[in-house]
Structure formats: C-alpha cells, structure tokens
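Novice: Below you'll find the structure I mean.
The values are calculated or read from the model by the stated rules, or taken from the named source; none is laboratory data. Because the structure is a prediction, the values reported are computed rather than measured. Quick reminder, even Gly has a Cβ in these numbers, built from the backbone with ideal geometry, and neighbours come from all protein chains shown. Remember, those area values only see protein heavy atoms, side chains included, never the ligands or the DNA or RNA. Shrake-Rupley method; radii C 1.70, N 1.55, O 1.52, S 1.80 Å.
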Amino acid sequence: MNETPAGRVVLLTTSHRVAPGLLSWPAWQALHGADDVLCADAAHPQLPYLREAGVDVKQAAPTAEELVRACAGGRTVLVLATAEGDRPLTDGLARLAGSGRHAMPDLELLPGSYDLPGARLLDLVQVMDRIRAECPWSSRQTHRSLAKYGIEEAYELVEAIEDGDRTELREELGDVLLQVVFHARIAEEDEEAPFSVDDVAGTIVDKLIHRHPHVFGDDTASTPEEVKAHWLRTKAVEKQRDSVTEGIPLGQPGLALAAKLASRARTAALDVPLPTGEGIGYELLAMAVRAESTGVDPEAALRAAARAYRDAIRTAETA
C-alpha cells in the first residue's frame with residue numbers, strides 16, 4: 001500500500017522595511033502555486049497586494065497539527081508570516097517532527113523580501129518620529145538646544161576611536177547618527193524651509209558623487225593626493241569662495257583651527273609667514289603649523305600627551 005504524500009509547508013517571510021507588494025519571483029511563484037495561502041493577521045500589509053494579484057488568502061492561525069493535516073495528500077500550504085513571526089507554529093512543527101509519530105510535510109522557509117544594507121536606518125527614522133511626537137523632552141527640543149550634544153557626541157566618538165574600543169565605537173557612532181536624525185526630524189517642522197532626513201541624505205549623496213569624478217566619472221586618481229586635489233577643485237567651484245580660509249569654523253579648538261588653516265595654505269601653495277607676537281599663543285601656533293606640515297594632528301598629539309599626564313597624576317595620587 002502506497003503512503004499518502006505528506007505535502008509541503010512554505011513559511012513566507014517579508015520585511016516591513018520593503019514596500020508591500022515588492023516580493024521576489026520565487027515568492028510570487030509559491031503564492032500562485034500553493035493549494036492554500038493562510039495568514040493570521042487580517043491587517044498584514046501584504047494582503048491588499050496579494051489579493052490584487054489574484055491570490056486567495058484565507059485568514060487563519062492553524063496549530064501545527066492542523067497544518068500537518070491540511071498538507072495531507074501532497075498539498076502545499078503557504079503561511080504568510082506575521083510581523084511578530086509565527087514562533088508557536090514553528091515550535092509546534094518542531095515538536096511534531098521530533099516525536100517521530102507523524103509523517104511530516106516538507107518545510108521551506110522562503111524570504112519574500114529581505115533587508116538591504118542600511119535598512120535599519122528606516123527603523124531609526126520611525127523611532128525618532130514617535131519620540132518627537134510623544135516624548136515630553138524630545139518634543140520641545142530645537143536645533144539650538146541640541147547643539148551642545150552634537151559637540152559632546154563628536155568628542156566621545158573621537159575618544160572611542162583613540163581608545164580602540166570597538167564596542168564603544170559602535171555605540172558612539174550611533175549617538176552621532178542620532179544627532180543627525182534628530183535635527184532632520186526637527187527640520188521637517190520648519191514653516192519656511194522644511195527638509196527631511198531624505199533631503200539630508202540626498203544632499204550628501206549628490207556631493208559625494210560630484211566630488212569623486214574618479215569613481216563616478218571619467219577622471220582618474222591613483223593616489224590619495226590626487227583624490228584630495230579632485231575634492232578641493234570641485235569644492236572650490238561649488239562654493240566659489242574668495243579665500244581658502246572660508247568655511248573653516250573658527251569655533252573649533254585652537255590647535256585644530258591652526259592646523260586647518262595651515263593645511264589650507266599649504267594645499268593652495270601659499271607661502272605665508274607666521275605672525276609674530278608675544279605670548280604662548282604664538283608659540284602654540286608655530287608648533288601646530290609644524291605638526292601639520294609633518295602629518296601630525298596636533299589636537300590628537302596633545303590629547304595623547306594629556307592622557308599620559310593624567311596617568312602620571314593618578315600614579316602620584318596612589319604613591
């Protein structure tokens with residue numbers, strides 16, 4: 001006597017970060033070829049699109065035993081997974097298979113859509129939207145009130161980099177990213193000149209493409225120096241500045257400011273004598289310019305020396 005075919009269960013998963021209806025070809029084939037298509041969530045975002053495509057989806061949340069019986073006779077049953085997943089169902093199927101008392105259908109996990117790199121950024125935008133709307137503190141913040149946090153987070157990121165702490169680095173990068181998304185969310189509410197995080201991303205994408213003609217165009221660059229030259233040329237055309245010093249934030253730390261000015265002057269092949277004067281400021285300026293000319297970041301060098309000084313202080317305190 002021939003055994004009755006046990007059939008097949010297809011568990012179709014989709015990503016909420018991909019627009020509903022944008023499914024892979026194997027997913028569409030499985031949907032149209034299944035004997036039954038089941039979904040426990042009546043509000044599943046895929047349902048309108050599946051029904052528009054002629055797929056008969058039944059709202060049902062079968063147990064593992066019911067699903068196995070539905071596959072009897074070689075039938076294929078496709079289960080459209082909910083956003084929370086179908087853990088009770090898959091655990092139940094695993095228990096039935098482990099018992100050895102049931103003829104189990106073939107079980108296939110089929111991704112209908114899946115996340116591309118960067119997809120979790122969509123989650124961040126959604127979370128930020130909700131926090132802005134519902135959090136008593138976040139809903140009252142402005143660009144100006146958040147400015148100090150941007151500076152703090154940038155310094156904490158630098159510290160994580162210098163410490164070589166990978167866990168801290170990942171966390172601090174997230175904190176810096178939060179500042180970007182937060183400011184972009186606030187900017188959406190501006191009555192005169194609103195913009196969104198998509199506008200922010202679009203602006204930097206356009207800038208990167210334009211300033212990398214050796215990657216996205218016909219120019220060539222084989223050394224970092226040639227890349228920097230491309231960047232400065234295109235930036236000069238974009239900004240149409242009258243001085244190489246334009247665009248340098250004067251509010252940054254003094255050593256960094258001095259090094260940036262020296263870098264601009266050197267790149268522009270300007271032979272500018274250092275100003276002379278009395279006091280430690282002019283001495284520090286000369287040291288910062290000398291450090292920059294040898295490829296040393298004077299801010300980083302001073303921080304390293306300051307940390308050594310901190311350690312020496314701690315040693316003296318415990319002596």
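Novice: Might you let me know whether the stretch 59-66 holds any residue that is within 28 Å of VAL127 (Cβ to Cβ) and in contact with a helix residue (DSSP H, G or I) (Cβ under 7 Å, 6 or more places away or on another chain)?
Specialist: In the first step, residues of the stretch 59-66 are kept if they are within 28 Å of VAL127 (Cβ to Cβ); the result is none.
No; the residues of the stretch 59-66 include none that is within 28 Å of VAL127 (Cβ to Cβ) and in contact with a helix residue (DSSP H, G or I) (Cβ under 7 Å, 6 or more places away or on another chain).
Novice: Just to check your reading of the model, which residue among ALA262, ALA258, ALA301 is at pLDDT below 95, assigned to a helix (DSSP H, G or I), among the small types (Gly, Ala, Ser) and surrounded by fewer than 17 Cβ atoms within 10 Å (Cβ to Cβ)? Before the answer, list the steps.
Specialist: On the way: ALA262 fails: surrounded by fewer than 17 Cβ atoms within 10 Å (Cβ to Cβ); ALA258 fails: surrounded by fewer than 17 Cβ atoms within 10 Å (Cβ to Cβ).
Answer to the selection: ALA301.
Novice: Can you name the residue in the stretch 94-146 that is among the charged types (D, E, K, R) and touching a Ser or Thr at 6+ places or on another chain (Cβ under 8 Å) and, of all such residues, is surrounded by the fewest Cβ atoms within 10 Å (Cβ to Cβ)?
Specialist: Residue satisfying both the conditions and the ranking: ASP115.
Novice: Please work out which one of (1) of a type in the set (Asp, Glu); (2) exposed (fewer than 12 other Cβ atoms within 10 Å of the Cβ); (3) at pLDDT 95 or above; (4) within 22 Å of ARG307 (Cα to Cα) is the condition ASP163 fails and give its number.
Specialist: Against the list (1) of a type in the set (Asp, Glu); (2) exposed (fewer than 12 other Cβ atoms within 10 Å of the Cβ); (3) at pLDDT 95 or above; (4) within 22 Å of ARG307 (Cα to Cα), ASP163 comes up short only on (3).
Novice: How about the stretch 1-71: which strands (runs of 3 or more DSSP E) wholly inside it have at least 1 residues that are touching a residue at least 24 places away in the same chain (Cβ under 8 Å) and out of contact with any Pro (no Cβ under 7 Å at 6 or more places or on another chain)?
Specialist: So the answer is 8-13, 36-39.
Novice: Restricting the first residue to the stretch 211-240 and requiring it to be touching a residue at least 12 places away in the same chain (Cβ under 8 Å), which pairs with a second residue that is surrounded by fewer than 13 Cβ atoms within 10 Å (Cβ to Cβ) and not in a helix (DSSP H, G or I) meet a Cβ separation below 8 Å and a spacing of at least six or different chains?
Specialist: Close Cβ pairs (under 8 Å, with a partner that is surrounded by fewer than 13 Cβ atoms within 10 Å (Cβ to Cβ) and not in a helix (DSSP H, G or I)) amount to HIS214/THR220; GLU226/THR220.
Novice: Taking the stretch 238-255 as the search range and keeping residues that are closer than 19 Å to THR203 by Cβ and within 30 Å of the chain's Cα centre (by Cα), which one is least open to solvent (accessible area, probe 1.4 Å)?
Specialist: It comes out as GLY247.
Novice: Considering the stretch 177-189 alone, what residues qualify as being open to solvent by less than 50 Å² (accessible area, probe 1.4 Å) and without any contact (Cβ under 8 Å) to a residue 24 or more places away in the chain?
Specialist: The answer is ALA184, and nothing else.
Novice: For the stretch 265-286, which positions are open to solvent by 60 Å² or more (accessible area, probe 1.4 Å) and either without any contact (Cβ under 8 Å) to a residue 12 or more places away in the chain or not in a helix (DSSP H, G or I) (or both)?
Specialist: If the condition is that a residue be open to solvent by 60 Å² or more (accessible area, probe 1.4 Å) and either without any contact (Cβ under 8 Å) to a residue 12 or more places away in the chain or not in a helix (DSSP H, G or I) (or both), then ALA269, LEU270, ASP271, VAL272, PRO273, LEU274, PRO275, THR276, GLU278, ILE280, TYR282, GLU283 are the ones that fit.
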